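The values are calculated or read from the model by the stated rules, or taken from the named source; none is laboratory data. Keep in mind the model is a prediction, meaning the values are calculated, not measured. Reconstructed Cβ throughout: ideal geometry from the backbone, glycine too, with neighbour counts over all protein chains shown. Ligands, DNA and RNA are stripped out before the accessible areas are found, and what is left, the full protein with its side chains, is counted by its heavy atoms. Shrake-Rupley method; radii C 1.70, N 1.55, O 1.52, S 1.80 Å.
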Protein chains: 2
Amino acid sequence: MNKKIIALLGACLILLSACGNVTNTNTETNSDSSKGTEKVTKTQLSKDYYRVVMKNDKEYQTSPSRGVSLSLNSGYNMKAFESGLIGLSQTPFPTDNNYFREGQLIDSATAKSWIGRKAEVEDPNSSAGPNGLNPPDNGQIEPDTRAPRYLAQILEQNYMVKDGDNYKLSGVSIGLALNSVDYYQKVLYGAEFQTPISRADFEAKGKEIANEVVARLRKKDGMGNVPIMVALFEQSAKDTLAGGVYFASAMSENGSTTVGEWSAINDQKIIFPNNDGKSSEEKTNFDNFKNSIQSFFPNLSGVTAEAYYQNNQLSKMAIKITTQFYGESEIISFTQFIADKTSLLPATIPIEITVNSMEGIEAFLSRDANTTEFKYHIFD
Amino acid sequence: MNKKIIALLGACLILLSACGNVTNTNTETNSDSSKGTEKVTKTQLSKDYYRVVMKNDKEYQTSPSRGVSLSLNSGYNMKAFESGLIGLSQTPFPTDNNYFREGQLIDSATAKSWIGRKAEVEDPNSSAGPNGLNPPDNGQIEPDTRAPRYLAQILEQNYMVKDGDNYKLSGVSIGLALNSVDYYQKVLYGAEFQTPISRADFEAKGKEIANEVVARLRKKDGMGNVPIMVALFEQSAKDTLAGGVYFASAMSENGSTTVGEWSAINDQKIIFPNNDGKSSEEKTNFDNFKNSIQSFFPNLSGVTAEAYYQNNQLSKMAIKITTQFYGESEIISFTQFIADKTSLLPATIPIEITVNSMEGIEAFLSRDANTTEFKYHIFD
């Protein structure tokens, strides 16, 4: 079934929170193909983003394990787990010649059996079984004596390169979400208990699991020699407003059934305001911003921020403002006032500010990296 | 109590749905003032926007009738009622020397009594009374025999100019929201009935009410000679997804107690897709866009648009896409795909596209007037 592939250059997968301009590139390549049902998106957002491989030029290829990350502790974790892995993949699989596709190697049933507990035989109730990567049930139910589940979820992403008129797999990224707290019930529908897991423990266990996952992937068709990146994600607790972070990554190359040396990733997310007892310039800046915002309306506004640190350096900030509005003029004027006060916020780093009412988002302002201007939008 | 006024030029009130860049202007004027408690916002968004007069350099001056427009048929009407009046005010009270303030002349109790029915004595239950601008109750309860309420709401906005070191009132804008359908109950807590009102009827009645409102405002302190603009707003029905539009405006100048000649405003809002039997290029464009978007995911996406026409010419479009997402990569790729398909939409006019899930807004794309580029943002 010969069809034409239109290799439309440019369009992209966006890394993390992205904001920018869309430019249509008209670089199109028409050519014959032996299995031309995969095409890519077209619009170039920036060279930081991946283009996406699509089916039939119009359908997104969902993963056979679609939706697995919905089972994480929070939406914050889900987003951080996925977009973080895309970010880390840019080093081994650069965006200029690699295209993105959702993982096609591990399906839902497989993912479910891998994150279960190890057991001699399949247990349909607990998804424990011979393929389980978590420790076997030791029969204990107390937080400090039971064997906790370390692995919370597996995420697979595929990276592709052009190969003549087709696309071939150039790399696979695997994210392993690890529990810093394992939530469990002693009896079905019972109260929820917690087993806290130390960083040392879930890191050691995560590295062990990584090798096992790589060994299993190497047995899949066509995976003999494809580079695999594995990254370890520390899932944040259920009551945390910040999503988790990746803390280590490693490559498996040349068909190795294990990963090579691990690289540490020193990322951290801090929610403002907080009472952690530490003082920092960012904290003072944020408090000043918050106080000036809160004096604007007779009714109080809620102002919180998530600050993202890389190697102890503030690298971006997302601010959420929630207040009650009595009309469109108030929203407009308030957004205006916030724009005035952005001078109180740290300079140069990317910042996203959303203004919300009970009706949902009303306005947002954002500043990209390496710019001094805030872009804004007020929703109709 | 002498204080300094910092007349910070630039900042603004945003007209309608606004999107753009924020530039700080550093033009500050420090000077003494005899009653310097009013200052203005600082950041310049564009010369299309009003700067806002604030109390004590940090508090928004809410109107004593704050929240009145919340009683309109829908949030769509509320936003259109307010932002439409700001837009119309730009002709008599230009943004380059006028500042915006929420209306301070008509308080809540007054607004409530004016939109009540005319009656000999105050009726605390129905807000009927001697000041009511709607026809007296004729005792009938059937849709076609009762006297409908024409006036649904009154909105006041103040425009100010610098006067030495202070600000003085330079103009007042009044919006009158008129019912095309009057909703009522025959008995308290009973079923809702409707009296439809013809355009000719609510237009004639609206013009009559406009003169009465102007006459009443002229009696207020300091209002002897201030120009007053009155604009008539047709409120859309409760089941309509589009907000209403202004259809006429007139000025009262030189202290006149009536308005001068009325100018017709030919605005229209149309929701796509629709089955109104008419075909248009915009409709075909939108259908093509909608169909290509809906093929992207295995699950269906809802795609609707509000098209805004001025003098039968499409002048802007707001598109709302709602779909279920199973992860961050899907949102990113989908936004990317939409960017590709914007080439199917009408060129040159401003367009706003929001992408929503059950969790709220996930991404948006927008194009300003006179630009070819779409800006985009994906929310973290």
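A few points about this structure:
- A:D380 being open to solvent by 40 Å² or more (accessible area, probe 1.4 Å) and either within 25 Å of B:R101 (Cβ to Cβ) or among the charged types (D, E, K, R) (or both): yes
- On the stretch given as the range B:315-333, residues that are among the hydroxyl-bearing types (S, T, Y), more than 7 Å from chain A (Cβ to nearest Cβ) and out of contact with any Phe, Trp or Tyr (no Cβ under 7 Å at 6 or more places or on another chain) total 1.
- Restricting the range B:340-362 to residues that are at the interface with chain A (Cβ under 10 Å from one of its Cβ atoms) and under 15 Å from B:K316 (Cα atoms), the residue that is surrounded by the fewest Cβ atoms within 10 Å (Cβ to Cβ) is B:T342.
- Applying the criterion of being surrounded by fewer than 18 Cβ atoms within 10 Å (Cβ to Cβ) and among the small types (G, A, S) to the residues of the range B:114-133, the residue that is farthest from the chain's Cα centre (by Cα) is B:A119.
- Odd one out for B:D201, checked against (1) open to solvent by 30 Å² or more (accessible area, probe 1.4 Å); (2) in a strand (DSSP E or B); (3) at pLDDT 95 or above: (2)
- Residue in the range A:178-195 that is surrounded by the fewest Cβ atoms within 10 Å (Cβ to Cβ), counting only those that are part of a strand (DSSP E or B) and touching an Asp or Glu at 6+ places or on another chain (Cβ under 8 Å): A:Q185
- Summed over the range A:326-374, residues that are of a type in the set (D, E, K, R) and within 24 Å of the chain's Cα centre (by Cα) total 3.
- Residue count for the range B:281-322 satisfying the condition of being part of a helix (DSSP H, G or I) and either within 23 Å of B:Q268 (Cα to Cα) or not assigned by TED's automatic domain parsing to the domain that holds B:V355 (or both): 10.
- Against the criterion of being at pLDDT 90 or above, facing another protein chain (nearest Cβ under 9 Å) and not in a loop (DSSP other than H, G, I, E, B), A:L365 qualifies.
- Evaluated against (1) surrounded by 14 or more Cβ atoms within 10 Å (Cβ to Cβ); (2) without any contact (Cβ under 8 Å) to a residue 40 or more places away in the chain; (3) part of a loop (DSSP other than H, G, I, E, B), B:G139 falls short on exactly one condition, (1).
Here is a yes/no grid of residues against (1) over 20 Å from the mean Cα position of the chain (by Cα); (2) closer than 25 Å to B:S127 by Cβ:
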residue: B:E156; (1), (2): no, yes
residue: B:L169; (1), (2): yes, no
residue: B:L188; (1), (2): yes, yes
residue: B:K207; (1), (2): no, yes
residue: B:E212; (1), (2): yes, yes
residue: B:E234; (1), (2): no, yes
residue: B:S252; (1), (2): yes, no
residue: B:A264; (1), (2): no, no
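- Residue in the range B:255-268 that is in contact with a strand residue (DSSP E or B) (Cβ under 9 Å, 6 or more places away or on another chain), surrounded by 17 or more Cβ atoms within 10 Å (Cβ to Cβ), polar (S, T, N, Q) and at pLDDT below 95 present: no
- A single member of A:I271, A:I228, A:I209 is among the β-branched types (V, I, T) and open to solvent by 10 Å² or more (accessible area, probe 1.4 Å), and it is A:I271.
- Any hit, the range A:86-97, residues being among the hydrophobic types (A, V, I, L, M, F, W, C), more than 11 Å from every other protein chain (Cβ to nearest Cβ) and assigned to a helix (DSSP H, G or I): yes
- Only one entry of B:N73, B:N97 meets the criterion of being open to solvent by 20 Å² or more (accessible area, probe 1.4 Å) and either within 15 Å of B:Y184 (Cβ to Cβ) or in contact with a Gly (Cβ under 8 Å, 6 or more places away or on another chain) (or both), and that entry is B:N73.
- Subset of the range B:284-314 (residues that are more than 7 Å from chain A (Cβ to nearest Cβ), under 30 Å from A:S89 (Cβ atoms) and open to solvent by less than 20 Å² (accessible area, probe 1.4 Å)): B:I293, B:S301
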